Amino acid sequence: MHYTLHQLQIFKKVAEKQSISRAAEELHLTQPAVSIQLKNLQDQFDIPLIESIGRNIYVTEFGKEIVEASNRILDEVDHIRNKTLAYRGHLVGQLKITTVSTAKYVMPYFLSGFINKAPGITLKMDVTNKSKVIESLEKNEVDFAMVSVLPKRMQVKRIELMENKLYLVGNTENTKISKGIKLSTLGKIPMIFREKGSATRQAMEAFLKIHKIKVEKKLELTSNEAVKQAVLAGLGISIMPLIGLKNEINNGDLKIIKTKGLPIITNWNLIWLKDKAFTPASEAYLNYLKEQKDMIIKDSFGWVI
């Protein structure tokens, strides 16, 4: 047999995503390239690795065994790579982080300097909603999680990174609204919410509850980008984190609407389990943050402060 590590990596990703197109997107390859490598791997086995039924892909029982073997092989390759780098005096290992979706505008800036200085560190970062972030942390599947609201029923430690400011925003077509709005009339304007489980949704609902505002018409979308596009299109207004609106506000496409009780201010926190046993990579990253976070905030987020 002459299968390659590249073929095993592709098959592993196809099996994980159960889709050639999604695997290609995540691997930054074209769909034909993925299909060719998948066929070349399959040609070396008499037993099917996957089955295609309609547009759906299913991994066979034999295919699942090959996935498990691929995981072991690729882990050993990483281990060899890390050993080589360690002998050269480099910090090695994997850093696993999960973040809430809004933190995708923040977390990369707190990672880039560290990753660039430590070529032996591989980064695995998952961007999802708050519920899944907490679930990953609770199962000890990650080293760190980035959230704006601390979990209530979990013992964690944290390092505060920066403020997270949420404002009421709308597009600039309605000049009356853009100049400000009274709380008494806020509920009469269509409002756009994130999905349940989102920290932004929780902050928005808490604000409405405190001020006894009943929203007559609301839309629910599953990402901050989707909410932003809906607001830009004039479907309604929303309470959103300022961190993801820099370009739209600077361009004049969105406007902050002055409202009593806003902005809501929370903090971005990098958290970890209280009794977490740090790897050399995760310990080095935490030390890096403690030393560099103020400089990162000043250089990259001065416009927010």
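Structure data summary
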quantity: Test result for residue 75, more than 19 Å from residue 223 (Cα to Cα) and touching a Phe, Trp or Tyr at 6+ places or on another chain (Cβ under 7 Å); calculated: no
quantity: Residues located in the range 135-152, provided they are free of Cβ contacts under 8 Å to residues at least 40 places away in the same chain and either of a type in the set (Lys, Arg) or within 16 Å of residue 194 (Cβ to Cβ) (or both); calculated: 139, 152
quantity: Only one of 5, 27, 95 that is free of Cβ contacts under 8 Å to residues at least 60 places away in the same chain and either of a type in the set (A, V, I, L, M, F, W, C) or within 19 Å of residue 120 (Cα to Cα) (or both); calculated: 27
quantity: Residue that is farthest from the chain's Cα centre (by Cα) [pool: residues in the range 97-131 that are basic (Lys, Arg) and under 25 Å from residue 202 (Cβ atoms)]; calculated: 130
quantity: Qualifying positions in the range 221-241 - among the hydrophobic types (A, V, I, L, M, F, W, C) and either more than 25 Å from the chain's Cα centre (by Cα) or under 14 Å from residue 170 (Cβ atoms) (or both); calculated: 227, 230, 231, 232, 233, 235, 237, 239, 240
quantity: Test: residue in the range 98-107 that is assigned to a loop (DSSP other than H, G, I, E, B), surrounded by 12 or more Cβ atoms within 10 Å (Cβ to Cβ) and touching a helix residue (DSSP H, G or I) at 6+ places or on another chain (Cβ under 8 Å); calculated: yes
quantity: Flag for residue 255 being part of a strand (DSSP E or B) and either more than 22 Å from residue 164 (Cβ to Cβ) or not assigned by TED's automatic domain parsing to the domain that holds residue 155 (or both); calculated: yes
quantity: Any hit, the range 204-220, residues being under 25 Å from the mean Cα position of the chain (by Cα) and within 30 Å of residue 95 (Cβ to Cβ); calculated: no
quantity: Some residue of the range 185-198 being within 18 Å of residue 250 (Cα to Cα), basic (Lys, Arg), over 26 Å from the mean Cα position of the chain (by Cα) and not assigned by TED's automatic domain parsing to the domain that holds residue 127; calculated: no
quantity: Filter result (touching a helix residue (DSSP H, G or I) at 6+ places or on another chain (Cβ under 7 Å) and either closer than 19 Å to residue 30 by Cβ or modelled with pLDDT of 90 or more (or both)) within the range 1-19; calculated: 5, 6, 7, 8, 9, 10, 11, 12, 13, 14, 15, 17
quantity: Residue check, residue 123 of a type outside the set (S, T, N, Q) and within 30 Å of residue 241 (Cβ to Cβ); calculated: yes
quantity: Residue list for the range 1-42, restricted to those being among the hydroxyl-bearing types (Ser, Thr, Tyr), surrounded by fewer than 17 Cβ atoms within 10 Å (Cβ to Cβ) and farther than 15 Å from residue 55 by Cβ; calculated: 4, 30
quantity: Sole residue being more than 25 Å from residue 297 (Cα to Cα) and at pLDDT 90 or above, chosen from 180, 170; calculated: 170
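The values are calculated or read from the model by the stated rules, or taken from the named source; none is laboratory data. Quick caveat, the model's predicted, so the values are computed rather than measured. Here the Cβ is made from the backbone with ideal geometry for all residues, glycine too, and neighbour counts use every protein chain on show.
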